[in-house]
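Trainee: Handing you a structure now.
The values are calculated or read from the model by the stated rules, or taken from the named source; none is laboratory data. As the structure is a computational prediction, the values presented were derived from the model and not from experiment. Every residue, glycine as well, gets a Cβ built from its backbone with ideal geometry; the counts of neighbours run over all protein chains shown. These accessible areas exclude ligands, DNA and RNA; they are computed on the full protein's heavy atoms, side chains included. Shrake-Rupley method; radii C 1.70, N 1.55, O 1.52, S 1.80 Å.
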Amino acid sequence: MGMMMTKRLLATTASLALASALVAGAAAAQTVVTMNTVQIFGTIDPAKISDYTDYMAAVNLYDSLVTVDSSGNLVPQIAESWVVSPDATEVTFKLRSDATFTDGTPILASDVVYSFERLLRINQGPANLFAGVVESGAVTAVDDTTVSFKLSKTFAPFMATVPALMIVNADLVEANKGEDDGQTWLADNVAGSGAYLLDSWDRGSQMVIKRYADYYGGFLDNPIDEVRWIITNDEATVKALAASGELTMSSQFQSPDTYQALVDMGRFRLESQPTTTAFYLKLNTKAAPTDDIHIRRAIAYATDYATIREVIFPGEPMTTVLPAGFADFWNPDVAAPVYDLAKAQEEIALSAYAGQEIPITLGWVAGTQFEEEISLLMQANLESLGFKVTQQPDPWNRITEIAADVATTPNVNQIFFGPTYPSPDSMFFTQFHSAAAGTWASMEWVQDPAVDALIDAARATGDVAEQARLYKEVQATLADQMVAVPLLAQTVQHAMDNCLQGFNAVPMQSFDYDMTRYNWSCP
Amino acid sequence: MSDLTALSNSYQNWYRFSRNPTAVIGLIIVVVSILAAILAPHITPYPDHAGAFVDFRNRHQPPSWDHWFGTDNVGRDILTRVIFGLRVSLLLAFVVLIIAVPFGTIMGLLAGYFGGWTEIVIMRLTDIALALPPLIMALAVAAVLEPSLMNAMLAIASLWWTWHTRLVYSMVRQIRALEYVEAAETLGASKFHILFREILPNCVSAIAVKTSLDAGFVILVGASLSFLGLGIQPPTPDLGTMVADGAQGLPDYWWESMLPGVSILFVALGFNLLGDGLRDLFDVEDVR
């Protein structure tokens with residue numbers, strides 16, 4: 001009897017729920033975007049984010065004082081305006097008076113101060129952008145809606161780093177502070193002012209965020225109500241998701257074949273845009289045989305640029321270590337490297353290793369098909385010139401380890417590097433300055449005092465023309481030394497549902513996946 | 001006279017073996033695979049495709065008269081690479097079994113014949129080793145040492161001997177109670193003589209059956225490990241890696257993963273059929 005009652009009750013409840021769901025569905029069709037990511041989301045704590053998925057979640061869950069548009073310009077977000085002092089050592093931001101966190105409380109200058117101090121205390125993720133530039137205590141609340149940043153020295157790229165400082169709700173974090181500055185709590189919860197709320201997160205498989213309708217910044221017409229990120233780097237799975245109608249947008253790391261297969265389905269179009277992300281063969285200048293400049297030049301001549309760009313991985317030609325997307329700073333006088341095996345042979349003859357079998361290791365990310373293809377292409381060309389190639393595929397976490405030591409860094413390394421803030425400084429300081437030695441981004445081990453001096457000088461001047469002159473000189477020096485073979489500037493590609501609009505590449509990591517910039521163009 | 005008996009015995013054995021069609025198929029597959037692997041540079045259509053070779057204009061070609069198994073993502077002939085890939089698979093099986101079988105057999109002989117503490121220590125060790133899943137063990141060892149296929153297979157070998165120990169142990173337990181062994185003991189034969197000249201010859205047929213069945217399993221495990229990323233250095237062809245790489249192109253370029261996969265299936269099947277055939281053969285003899 002009891003059982004029967006319960007069953008009937010359940011049935012009634014279920015049909016009621018179904019009915020109300022139908023009513024809701026009729027009232028407002030939900031626009032859901034499903035996108036695959038090729039790696040898990042490591043963290044959503046804005047004081048710890050570092051890679052592309054971390055930033056992708058964070059730009060939707062949190063807001064910054066300013067954000068970046070597709071031309072690399074800073075645009076207001078929480079701050080409505082800002083003033084830079086004449087000597088470029090103090091910046092004062094005026095906050096929007098209507099800006100609120102997603103719990104409805106207003107965003108105050110004190111929240112900005114708290115977010116900055118917390119970032120420095122935890123000292124992970126974006127903290128290194130501010131190290132030595134803005135000290136603890138140098139960010140102050142002038143009044144509720146005015147906040148001032150005092151710089152320890154003139155640092156030209158400072159404004160470009162501000163979008164990486166995401167603002168947390170100080171009261172909410174304090175209430176859940178625990179023993180570790182809220183790190184445990186913010187690992188699973190959000191205390192931000194972003195346009196989206198975290199709905200569910202299953203670390204190994206997916207993350208779902210939902211639109212916060214009362215977002216102070218507003219939305220485009222027909223905004224995206226829900227975003228589902230599905231974690232898979234398997235090409236066959238992506239194709240299956242697309243064929244079943246589940247996928248709305250692919251990741252930017254699929255193979256050309258997968259993009260083509262999706263486009264052939266008819267529902268997708270291929271979005272293709274140039275970026276400032278560079279793809280290099282980084283040559284270890286401190287280990288034999290790539291310590292010899294002629295061997296490095298020979299490798300550059302033995303690289304089949306056209307096949308790499310046109311068949312293996314889409315990209316724009318790149319002539320110097322800086323992608324041409326940095327138009328004001330790019331050096332047009334550096335000649336583009338060319339594929340010429342005869343010239344490569346001449347360079348080898350000039351080297352200290354002439355007339356012998358030259359052993360060389362080629363490093364790349366294990367499991368990445370296009371990198372294996374490039375490495376096999378390099379091997380075929382290099383062995384025809386008398387090199388003895390050892391292929392060294394390593395998982396990414398192992399590459400970050402072997403990059404820490406000259407002796408374990410392979411001779412040739414396939415590395416992608418894109419600016420982590422929209423400034424050429426991000427490309428030069430992080431890759432070619434001695435201070436960056438021992439990281440995966442600087443596997444060339446340049447360690448050249450002259451190069452360091454040029455980069456330091458560019459960081460210390462506020463004069464853009466002078467910066468451009470200095471950066472052009474760095475490019476000429478590095479090209480002459482051939483420390484890194486510039487393969488291509490990545491063309492970012494997504495297969496996107498014909499109804500989804502709004503993708504525009506931004507020269508700052510994952511800011512192009514801020515979903516408030518997208519909308520749905522079909523009824 | 002005794003030579004004649006031996007001859008007619010082995011002829012009888014061969015006759016009975018050849019009446020078993022699946023066993024003969026197994027034998028043919030095994031012999032052809034081994035010959036193909038040894039003669040790979042001479043019989044493959046494009047021997048240079050096993051080395052540093054790329055031809056991006058001919059990538060992803062479906063099976064055709066020129067390329068029976070099609071071409072892969074950098075334009076290499078898949079049939080050539082499958083045949084060269086057999087070398088790695090068979091070599092791995094050989095390495096694992098050449099370590100595991102003699103060692104496991106000796107351990108089984110010692111445990112079965114001496115009993116007591118020797119038996120307890122050896123048999124409990126095998127229990128422990130059998131409780132460890134070989135794939136997981138191989139991945140763990142490879143993670144600690146250099147992540148190479150050879151290290152992973154050595155880890156497999158370090159667990160595989162236990163199967164042979166248990167097999168030989170159970171046989172020795174029966175044989176040592178037989179009168180001829182007691183007779184040898186009474187005559188004052190050395191323990192070494194009794195173990196290796198009196199008992200071991202009576203275990204050989206069982207060990208041979210088990211070894212040929214094992215070969216198929218080891219090839220499968222090796223392929224699984226290289227599928228999981230513990231492959232040998234490219235561009236050396238390796239069947240498991242070819243399946244893993246080819247799977248990226250599914251379903252459009254099905255031949256790139258399916259045909260190497262079917263090749264693994266065939267070789268493993270061949271060894272299993274051969275092993276089953278041998279078992280039928282020897283079982284009958286035991287009954288007699």
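Trainee: B:LEU97 - would you say it is away from chain A (no Cβ under 14 Å), in contact with a Leu (Cβ under 6 Å, 6 or more places away or on another chain), buried (at least 18 other Cβ atoms within 10 Å of the Cβ) and assigned to a helix (DSSP H, G or I)?
Mentor: So B:LEU97 fails the test.
Trainee: Here's something else I'd like to know. Which number in (1) open to solvent by 20 Å² or more (accessible area, probe 1.4 Å); (2) touching a helix residue (DSSP H, G or I) at 6+ places or on another chain (Cβ under 8 Å); (3) closer than 20 Å to B:GLY275 by Cβ marks the one condition that B:VAL204 misses?
Mentor: Evaluating B:VAL204 over (1) open to solvent by 20 Å² or more (accessible area, probe 1.4 Å); (2) touching a helix residue (DSSP H, G or I) at 6+ places or on another chain (Cβ under 8 Å); (3) closer than 20 Å to B:GLY275 by Cβ leaves (2) as the failure.
Trainee: Moving to a separate point now. Tally time: how many residues in segment A:280-306 are in a strand (DSSP E or B), of a type outside the set (D, E, K, R) and either crowded, with 24+ Cβ neighbours inside 10 Å or more than 29 Å from the chain's Cα centre (by Cα) (or both)?
Mentor: 2
Trainee: Let me ask you something else. Out of segment A:468-490, which residues are open to solvent by 20 Å² or more (accessible area, probe 1.4 Å) and on the phi < 0 side of the Ramachandran plot?
Mentor: Of everything in segment A:468-490, those that are open to solvent by 20 Å² or more (accessible area, probe 1.4 Å) and on the phi < 0 side of the Ramachandran plot turn out to be A:ARG469, A:LYS472, A:GLU473, A:ALA476, A:THR477, A:ALA479, A:ASP480, A:GLN481.
Trainee: Tell me, please, whether a residue that is open to solvent by less than 50 Å² (accessible area, probe 1.4 Å), more than 14 Å from every other protein chain (Cβ to nearest Cβ) and out of contact with any helix residue (DSSP H, G or I) (no Cβ under 7 Å at 6 or more places or on another chain) can be found in segment A:315-322.
Mentor: Yes, some residue in segment A:315-322 is open to solvent by less than 50 Å² (accessible area, probe 1.4 Å), more than 14 Å from every other protein chain (Cβ to nearest Cβ) and out of contact with any helix residue (DSSP H, G or I) (no Cβ under 7 Å at 6 or more places or on another chain).
Trainee: Using beta carbons and a limit of 7 Å, which pairs, at least six apart or on different chains, have the first residue in segment A:112-135 and in the same structural domain as A:VAL147 (by TED's automatic domain parsing) and in contact (Cβ under 8 Å) with a residue 12 or more places away in the chain and the second one open to solvent by 10 Å² or more (accessible area, probe 1.4 Å) and acidic (Asp, Glu)?
Mentor: As it stands, the answer is A:ARG118/A:ASP181; A:ARG121/A:ASP181; A:ILE122/A:ASP181, since those pairs meet every condition given.
Trainee: Pick from A:GLU347, A:GLU357: which is more than 10 Å from chain B (Cβ to nearest Cβ), of a type outside the set (A, V, I, L, M) and surrounded by 13 or more Cβ atoms within 10 Å (Cβ to Cβ)?
Mentor: A:GLU347
Trainee: Out of segment A:208-242, which residues are under 16 Å from A:VAL32 (Cβ atoms) and open to solvent by less than 50 Å² (accessible area, probe 1.4 Å)?
Mentor: A:VAL208, A:ILE209, A:TYR212, A:PRO223, A:ILE224, A:ASP225, A:GLU226, A:VAL227, A:TRP229, A:ILE230, A:LEU241, A:ALA242 - these are the residues of segment A:208-242 that are under 16 Å from A:VAL32 (Cβ atoms) and open to solvent by less than 50 Å² (accessible area, probe 1.4 Å).
Trainee: Please state which one of A:GLU383, A:GLU372 is within 13 Å of another protein chain (Cβ to nearest Cβ), of a type in the set (Asp, Glu) and open to solvent by less than 50 Å² (accessible area, probe 1.4 Å).
Mentor: It is A:GLU372.
Condition check ((1) within 14 Å of chain A (Cβ to nearest Cβ); (2) surrounded by 21 or more Cβ atoms within 10 Å (Cβ to Cβ)) across all residues:
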{"residue": "B:GLY188", "(1), (2)": "no, no"}
{"residue": "B:SER257", "(1), (2)": "yes, yes"}
{"residue": "B:SER263", "(1), (2)": "no, yes"}
{"residue": "B:PHE266", "(1), (2)": "no, no"}
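Trainee: To continue, here is another question. Of the residues that make up segment B:115-127, is at least one part of a helix (DSSP H, G or I), among the aromatic types (Phe, Trp, Tyr) and crowded, with 20+ Cβ neighbours inside 10 Å?
Mentor: No, segment B:115-127 has no match at all.
Trainee: Looking at A:GLY266 and the list (1) within 14 Å of chain B (Cβ to nearest Cβ); (2) free of Cβ contacts under 8 Å to residues at least 40 places away in the same chain, which single condition is not satisfied?
Mentor: Going through the list (1) within 14 Å of chain B (Cβ to nearest Cβ); (2) free of Cβ contacts under 8 Å to residues at least 40 places away in the same chain, A:GLY266 breaks only (1).
Trainee: Which one of A:LEU186, A:LEU197, A:LEU172 is open to solvent by less than 50 Å² (accessible area, probe 1.4 Å), in contact (Cβ under 8 Å) with a residue 40 or more places away in the chain, of a type in the set (A, V, I, L, M, F, W, C) and not in a loop (DSSP other than H, G, I, E, B)?
Mentor: A:LEU186
Trainee: Another question, if that's okay. Which count do you get for residues in segment A:419-444 that are open to solvent by less than 20 Å² (accessible area, probe 1.4 Å) and either closer than 20 Å to A:VAL162 by Cβ or of a type in the set (A, V, I, L, M, F, W, C) (or both)?
Mentor: 12
Trainee: Would it be correct to say that B:VAL74 is within 28 Å of A:ILE374 (Cβ to Cβ), among the β-branched types (Val, Ile, Thr) and part of a loop (DSSP other than H, G, I, E, B)?
Mentor: The answer is yes for B:VAL74.
Trainee: While we're here: Restricting attention to segment A:243-262, which residues are under 18 Å from A:VAL33 (Cβ atoms) and either among the small types (Gly, Ala, Ser) or away from chain B (no Cβ under 13 Å) (or both)?
Mentor: A:ALA243, A:SER244, A:GLY245, A:GLU246, A:LEU247, A:THR248, A:MET249, A:SER250, A:SER251, A:GLN252
Trainee: Looking at (1) farther than 23 Å from A:LYS177 by Cα; (2) open to solvent by 50 Å² or more (accessible area, probe 1.4 Å), which is the one condition that is false for A:PHE158?
Mentor: Of everything listed in (1) farther than 23 Å from A:LYS177 by Cα; (2) open to solvent by 50 Å² or more (accessible area, probe 1.4 Å), A:PHE158 misses just condition (2).
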